[in-house]
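Since the structure comes first, as structure tokens, the remarks are kept for the end.
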Amino acid sequence: MSTEPALVLVTTDLTVGGMTCAACVRRVEKKLAKLDGVTATVNLATGRARVSHPAAIRPGELVATVEKAGYTAAIPEPPKKRHSKDDQGEGETGETGEARQERDRLLITALLAVPVLVLSMVPAWQFRNWQWLCFVLAAPVAVWGSWPFHVRAARGLRHSTATMDTLVSLGVVASFSWSAYALFLGGAGEPGMRMPFSLLPSASDGVAHIYLEAAVGVPLFVLAGRFLEARARHGTGAALRSLAQLATKEVSVREGSAERLVPIEELWVGQVFVVRPGERVATDGEVVEGSSAVDLSLVTGESEPVEVQPGSAVIGGAVNAGGLLLVRATAVGAETQLARITRLVTEAQAGKAKAQRLADAVAGVFVPVVLALAVTVLGFWLGAGADPQAAITACVAVLVVACPCALGLATPTALMAATGRGAQLGVLVKGPQALEGLQHLDTVVLDKTGTLTSGQMSVARVTAVPDGLGKEAALRLAGAVEQGSEHPLGRAIVSYARRALPERPLPDVRDFRAAAGRGVQGRVEGRLVEVVAPDDELPPALAEALPAVETAAHTPVLVKVDGVAEALIEVGDVVRPGSYRAVHRLRRLGVRPVLATGDREAPARAVAAALGIEDVRARCTPEDKAELVRDLREEQGCRVAVVGDGVNDAAALAGADLGIAMGTGTDAAIGAADVTLVRGDIEALGDAVLLARRTLGTIRVNLVWAFGYNVVTVPLAMVGLLNPMVAAAAMSLSSLLVVGNSLRLRAWQPSTARKQRISPAPRDER
């Protein structure tokens, strides 16, 4: 019996250019699906297509298929090392050459269009031969300013499809062509001609009206809307770029007694490389020589350093905070933990629901309907014996008034206003995905370190033995001996001692010695001072002096002077001011908090208890956090937001319905998030939820108005109650009303009444 070999499918990502609406997305997906065994998912917001295809179909064939549909396509290039600013492909602002070209097109169009709009719609300002000045200004707008719409409309025509670009192009062509006819053949070019407002389409004294304001207003508003939308979507790939930047570019390889600097791509498993103090570990490996404290905050998000020695595992991207290390590579390239996190972020972003583009989706049906209505109106009026100019005027009015400019502005203007206001409140809303995610939000997953806590090591408490040297003397001696240490715990003690005892300079230390994983010692003012990790049991006198408070949340160090225990210094992360109020406010908003951290169980429980959080998940790896989010969404049916600040949070942030990053966190976390608390203030979280919900409500109102406007004005134009001049004014007014409604967000204030109903934090909260 023979069996056919199983079909091997591979996945290829494509960058697709030239898509402007949902009709474009459907066209690309259908074109690719015509290839045998190929399925494709196209994301309009990111301009990416994820294609599953048989291995026999090469990526070049996929690119050619997309190009045959009338779009550009390319295989995304892997990130390259940047040698200079010119090699980046983008400026420091991240603005591409294409974006700069569109910005310049918008600015020039606005400079030419504004005088035409003002003169056409304010009769009192119409001077002698004003119409010819408007024609000269409008011509480059109708041709060059609208060129992208004309090109895409012609491309759609070749493929027997119509999009929003088709309607924009036809509106501009019809308005400008009729105006040219009116100026040259219809008597509108006579000196002294005035353009009065009129509700009914008619030709006054045999003079045809001109509609240059429509010819320039349509492209101006649509270009502005798309420019704002592009700005709101900018930085979609920031998370992946930030993750790539965490990886080192070069590594110093140890060969015998010599060292050689090689590109990271040439490092292989088993090679030994050098990590000097302050350098980042090049890849996952095992320490073979040396001891140090390794700062994992950029990788795990946790501030407490980890002591490493021969045999200890280290993670690529971690920072060596202490001595010289020799590390043997155990994983390179795609097998490293950092690479796995990158893949998680990529998959989570690809799996997100597409941002709703209601205006473009409707345009796929709206445009053919409007075209049919315009032709029907023209035929009906002519068949009824009406004046040809009146019939043509009604036809043009239908085309002009139906242009969905307000639909294109509904979302980006609201986002622009909300982003500006949010920045003042410490909240950055990146795009419509944040608004959609907050629609039915009921669960928020909170990181601990850097989110609910400060993320920096500091002295939380100093407890002195009764009848001993005293708190200040013990702290002064401990700070003095720690001056010789590079360990983060030691630096925290020195910093605290200097702040707590500003009038007493720390004395010098002699005979300083450091024991890896144990502590430091030295002679200060003739006395032997040791700052070491305590044994399992504290001295009875010191244990009795400790307050009846959970101490496991901090790292304790024992201060001994001449062999006698004098004080216990607790170093650790402290809860951010306002975290209690922020968590309590979330509950009042109907959102359940869940604490998920890579830290130990005891510190996690201590922070959760202080903030009143019942659901606690400790020792979470990046994969665990991403899995937790998937479980809450898919198994429990929750609408989940994730708040975090580290690279380990990036995958969970990208995979949640809503990702919220702390502004003080890593670029990878911020890039993967939908909302960023730019001040790093956890209390801004409640404001972020309320502002996003208010913005979503504003967008809904904008869309209702934009659709309602078309439902009312198109029939009026069809029956001859609007001429193109009034239609253009109505179209402009529609857009202005949408923008005005969006700008109300700039004055939005968090509800003071809501804040007053939230009980204050306990008096002992720090």
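Any read-out appearing in this document is the output of simple, stated calculations on the displayed coordinates, not a laboratory observation. Keep in mind it's a predicted model, so treat the numbers as computed, not measured. Please note: Cβ atoms are built from the backbone with ideal geometry, for glycine as well, and neighbour counts cover all protein chains shown.
Between Glu190 and Ala154, what length in nm is gained on full extension when 0.36 nm per residue of separation is reduced by their alpha carbon distance?
Values: separation 36, 0.36 × 36 = 12.96 nm, distance 3.48 nm.
Computed gain between Glu190 and Ala154 is 9.5 nm.
Counting pairs of alpha carbon atoms under 8 Å apart in space and at least six apart in sequence, what relative contact order in percent does the range 458-572 give? Walk me through the numbers before you get to the answer.
Details: 220 pairs, mean separation 37.7, N = 115.
Worked out over the range 458-572, it gives 33 percent.
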### Message
Can you give me the long-range amide H partners of Ala321? Hydrogens built in the peptide plane at 1.01 Å from N, cutoff under 5 Å, separation of 5 or more residues or another chain.
### Response
Gly278, Ala293, Val294, Asp295
### Query
Which residues' amide hydrogens lie under 5 Å from the amide hydrogen of Ala567, considering only partners 5 or more residues apart or on another chain, with H built in the peptide plane?
Val465, Val559
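If the only charges are +1 at each Lys and Arg Cβ and -1 at each Asp and Glu Cβ, what is the size of the charge dipole of the range 9-74 around the Cα centre, to the nearest 20 debye? Write out the running numbers ahead of the final one.
On the way: 9 positive and 5 negative charges, 35 e Å.
Dipole of the range 9-74, to the nearest 20 debye: 160 debye.
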### Query
Hey, could you pull the Cα Rg and Dmax for the range 268-331, both in Å?
10.2, 30
### Message
Please compute the modelled spin-label separation between Lys34 and Arg504, points set 7 Å along Cα→Cβ, answer in nm with one decimal.
### Response
8.5
### Query
By counting other Cβ atoms within 10 Å of each Cβ, how are Glu634, Glu530, Glu213, Glu67 ranked from fewest to most?
Glu634, Glu67, Glu530, Glu213
### Query
Hey, could you pull the Cα Rg and Dmax for the range 9-74, both in Å?
10.4, 31
### Entries of Lys249/Lys625; Lys448/Lys560; Lys34/Lys68; Lys30/Lys68 with Cα pairs more than 23 Å apart
Lys249/Lys625; Lys448/Lys560
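Placing unit charges on C-beta atoms (Lys and Arg positive, Asp and Glu negative, everything else neutral), compute the dipole magnitude of the range 268-331 about its Cα centre in debye, rounded to 20. Provide the component values of the computation, followed by the final result.
Working: 3 positive and 8 negative charges, 46 e Å.
That gives the range 268-331 a dipole magnitude of about 220 debye.
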